[in-house]
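Coordinate-derived values only; no laboratory data. These numbers come from a predicted model, not from an experiment.
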Amino acid sequence: MDMKFSLALPREALSIPVVRRVVGDALRGLGVAEDCVADLLVAVSEACTNVVQHARATGTYEVTGQVDDEGCRLRIMDWGRGLRQAPDDDPGDMAESGRGIRIMRALVDELDIDTGDGRGTVVHLRKRLTWRDEALIRRLERELMHSAG
């Protein structure tokens, strides 16, 4: 099983539910467990919200995704000026800035943020997937059929 998708979206708040719908429907359609889908939807929503609120650029941003046997990889990319400062792992419990980054980090297995002055920001989210029981059975059946020739 291998699936890829790419979305180019306007940098406005109404684009975030579209991303959630596309990503959620794709993962559910493949048989990903609902708790895993929920984690990824919150993480991608946080990343898209950061673009909409902080990219300081007009136009569009991109969300690309890939799902395979290794897991799910999502990339959220804007063409703004980049982060003003490197994300801090612990800016304090009450600090609002950076809260989305801490949320994303808690929900995915890997979070990488690539940013640079004048070249925008790319957020990479990676998560190993868990599957609904019926999806695992279908995958096992396909593997057995394939190996039986």
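Near the amide H of TRP131, within less than 5 Å, lie the amide hydrogens of ALA33, all on another chain or at least 5 residues away, with H placed in the peptide plane. Amide H to amide H, with H built 1.01 Å from N, LEU7 comes under 5 Å of VAL63, THR64, counting only residues 5 or more places away or on other chains.
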